[in-house]
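One structure is given here, and the rest of the page talks about it.
A short reminder: the numbers here are calculations on the coordinates, not readings from a lab. Owing to the predicted nature of the structure, the values given are computational and were not obtained by experimental measurement. Here the Cβ is made from the backbone with ideal geometry for all residues, glycine too, and neighbour counts use every protein chain on show.
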Amino acid sequence: MYLYREIEAEWAANIAKGLVRPGEAMPSVREMCRRKQASPATILAAYARLEGKGLIQAKPRSGYYVSAKAGHLPEEPRISSPSSAPTSVQVGDWVMRMLRRDIHRDQTPLGAAFPALELLPSLPLSRHYAKAGRVLGREALAYVLPPGNPDLLRQIARHSWQWGAGLLPEETLITSGCLEALTLGLRAVARAGDIVAIESPTYFAILQAMENLGMRALEIPTHPRKGMDLDALATAMKKHSIRACLLAPNFNNPLGSLMPDSHKSRLVHMLGKAGIPLIEDDIYGDLHFGEKRPKPAKAFDRKGLVIYCASFSKTLDPGARIGWVSGGKFHPQIMRLKVMNTLVSATLPQAALAAYLETGAYEKHLRRLRVALKDQVQHMVMAAQRHFPEGTRISRPQGGFTLWVEFPQRIQTLALAEAAEREGISLAPGPIFSAGGHFRHCLRLSCGHPWTAYLEEALRTVGKLCHTPG
Ligand SMILES: Cc1ncc(COP(=O)(O)O)c(C=O)c1O
């Protein structure tokens with residue numbers, strides 16, 4: 001890591017731990033140069049970043065001070081309390097509206113959760129695409145039948161060894177993105193009309209997939225930091241005939257919550273006892289802010305009832321549309337469904353990604369990406385705190401790059417998103433994350449882009465719109 005980033009991280013931690021308090025002076029630039037054996041430019045760069053995060057402030061001719069609000073993080077959103085009845089799913093046209101704006105990049109991108117392209121290793125990847133094309137020759141035009149490119153399957157299995165048990169290549173299948181993996185998982189274990197328990201809030205495309213398949217959603221209260229409330233799930237299991245459970249224990253989108261390992265183990269055990277399959281979405285698992293890659297629930301699965309789904313869309317190459325599903329005992333059905341659904345996934349991206357992973361560059365890239373995303377999330381939290389109305393609650397994501405904001409009840413985010421759209425800012429309003437249309441005063445902010453004055457200005461505008469009646 002660059003020295004200025006190390007100094008920034010060290011002092012952000014000192015402030016968070018209360019070792020220096022609001023109003024107290026920071027060490028002078030000269031003192032820091034001496035302590036760190038660094039140039040004034042390095043120290044000033046670190047201080048500028050701390051200032052950008054709202055942790056310190058410069059006072060003319062006096063030096064830097066810890067700002068009054070530093071260390072006072074806003075309250076977290078409340079644990080959700082959705083309706084306890086299953087709902088048929090209907091997600092409005094907001095999702096398409098938001099995606100269109102973000103994909104065409106004609107609005108400030110706070111809506112769709114895409115990583116900024118400059119954070120992705122486009123140059124090495126394009127070399128691997130070119131090389132894979134040359135190596136494959138005419139074969140690049142041929143189908144690769146399920147389960148998919150064997151080299152890629154091997155690399156995916158190797159990558160999963162870091163969380164212990166790992167995925168079995170013989171139970172894993174390449175899909176067209178994580179969304180196809182999730183949809184195949186749903187179709188393998190449930191039918192139209194069946195009840196599927198999901199987190200509340202949950203990623204809107206999961207709701208759309210369920211709408212498409214005619215399944216009913218049972219939203220389970222979800223804690224903003226620890227994930228699905230397992231006592232609430234146990235109660236729901238007694239009351240309803242739940243056919244499957246679909247959740248993201250590692251960094252739910254939009255909350256960024258991380259289910260503790262003890263809860264994952266209890267979840268797998270509880271569902272296993274009742275014979276209920278768990279479809280696990282681990283697309284954000286590699287984007288942890290803590291030291292260690294969290295285990296997925298799949299690591300606790302002894303009965304083959306966990307269907308593990310992920311992709312490279314958030315970390316490497318969203319356009320490749322390459323994901324995977326490790327289906328446990330449902331693998332044969334999932335293979336059949338893949339053939340019926342899209343037959344195969346694209347040949348060239350599979351070969352190019354396999355070759356890229358083979359070089360070992362992915363782990364290095366992930367380390368850099370995680371640092372960048374954590375930084376972007378911190379900037380967004382501080383800016384939201386600066387600009388959003390009193391009483392706004394903000395999540396504390398432990399990974400991924402989405403932030404969940406709970407405004408005071410009077411602020412209706414569908415109207416807010418419309419108003420922001422007119423100002424050239426794309427937002428994801430709360431109700432698209434719920435089958436029952438909850439979260440009318442909530443908002444998801446995407447932190448996929450490096451922090452700039454432009455984003456700060458966009459948050460200031462959203463804050464102002466919160467105060468505008470209607
Ligand atoms: C939680 C979650 N699951 C699945 C997906 C879909 O992934 P993919 O683009 O690989 O289909 C996304 C994409 O935004 C997501 O946020």
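Within region 123-203, the proportion of C-alpha pairs whose separation exceeds 15 Å stands at 73%.
Other residues lying with their Cβ under 15 Å from the Cβ of V29 contribute a combined charge of +4, Lys and Arg counting +1, Asp and Glu -1. In the chain, taking the dipole from charged Cβ atoms about the Cα centre, the farthest positive-side position among V325, L305, Y4 is held by Y4. Between S126 and L343, the FRET efficiency estimated from the beta carbon spacing at R0 = 35 angstrom works out to 0.85.
Summary of the geometry: region 258-294 and region 340-358, compared by the centres of their Cα atoms, lie 27 Å apart.
Listing E180, E171, E456 from fewest to most neighbouring C-beta atoms within 10 Å gives E456, E171, E180.
For region 409-470, state the average projected area of the convex hull of the C-alpha atoms over all orientations, rounded to one decimal in nm². Let's see the in-between values first.
Details: hull surface 17.5 nm².
Orientation-averaged projected area of the Cα hull: 4.4 nm².
For the ranges 408-415, 14-21, 390-397, what's the packing order if you count other beta-carbon atoms within 10 Å of each residue, average per peptide, and put the highest first?
On the way: 408-415: 15.4, 14-21: 13.4, 390-397: 19.0.
Output ranking for 408-415, 14-21, 390-397: 390-397, 408-415, 14-21.
Candidates H159, T452, A192 compared by Cα position along the dipole of the chain: farthest toward the positive end lies H159, with charges placed on Cβ. Sorted from greatest to least, the principal axis extents spanned by the alpha carbons of the chain come out as 71, 54, 43 Å. When region 22-110 is described by a simple charge dipole with +1 on each Lys and Arg Cβ and -1 on each Asp and Glu Cβ, the residue from L50, A85, H104 located farthest towards its positive end is L50.
Convert 10 °C to kelvin, take the viscosity as 1.306 mPa s, use the Kirkwood radius over C-alpha pairs of region 75-121 as Rh, and evaluate the Stokes-Einstein diffusion coefficient in µm²/s, rounded to a whole number.
On the way: Rh = 14.1 Å.
It comes out at roughly 113 µm²/s.
Note on region 196-247: Kirkwood hydrodynamic radius from all Cα pairs is 11.3 Å, rounded to one decimal.
Across region 364-422, the volume of the C-alpha convex hull divided among the residues equals 97 Å³ per residue. Do any of K273/K338; K292/K374; K298/K374 go past 20 Å between their Cα atoms, and which? The answer is K273/K338; K298/K374. Quick one: Cα centre-to-centre distance for region 162-226 and region 1-28, in angstrom? One Cα centre to the other: 41 Å.
Given +1 at the Cβ of Lys and Arg, -1 at the Cβ of Asp and Glu and no other charges, the dipole of region 108-158 around its Cα centre is 220 debye to the nearest 20. Non-local lysine pairs in region 1-131, meaning eight or more places apart or on different chains, with alpha-carbon distances under 19 Å, amount to 4.
Expressed per residue, the C-alpha convex hull volume of region 90-242 stands at 195 Å³. Shape summary of region 301-355, radius of gyration then Dmax from alpha carbon positions: 12.7, 35 Å.
Sparsely packed loop sites in region 30-130 (the GluC sites (Glu not before Pro) outside DSSP H, G, I, E and B with at most 16 other Cβ atoms within 10 Å) comprise E75. Positive contributions from Lys and Arg (+1) and negative ones from Asp and Glu (-1), summed over other residues with Cβ under 12 Å from the Cβ of D194, come out at +4.
When T222, T468, T175, T108 are ordered from fewest to most other Cβ atoms inside 10 Å of their Cβ, what list results?
On the way: T222 26, T468 9, T175 29, T108 23.
Fewest-to-most Cβ neighbours within 10 Å comes out as T468, T108, T222, T175.
Taking the centroid of alpha carbons for each part, region 124-141 and region 407-443 are 43 Å apart. The order of L186, L316, L230, going from fewest to most other C-beta atoms within 10 Å of their C-beta, is L230, L316, L186.
I want to make sure I understand the PRE zone here: with the label point 7 angstrom from the Cα of V135 toward its beta carbon, which residues in region 342-385 have backbone N atoms less than 13 Å away? Only 348-360 fall inside the zone, counting backbone N under 13 Å. Note on region 241-336: the alpha carbon radius of gyration divided by the globular reference 2.2 N^0.38 Å gives 1.08.
With only Lys, Arg, Asp and Glu charged, each at its Cβ (+1 for the first two, -1 for the last two), find how big the charge dipole of the chain is about the Cα centre; round to the nearest 20 debye. All intermediate terms of the calculation are to be shown ahead of the outcome.
Numbers: 59 positive and 41 negative charges, 131 e Å.
Here the size comes out at about 620 debye.
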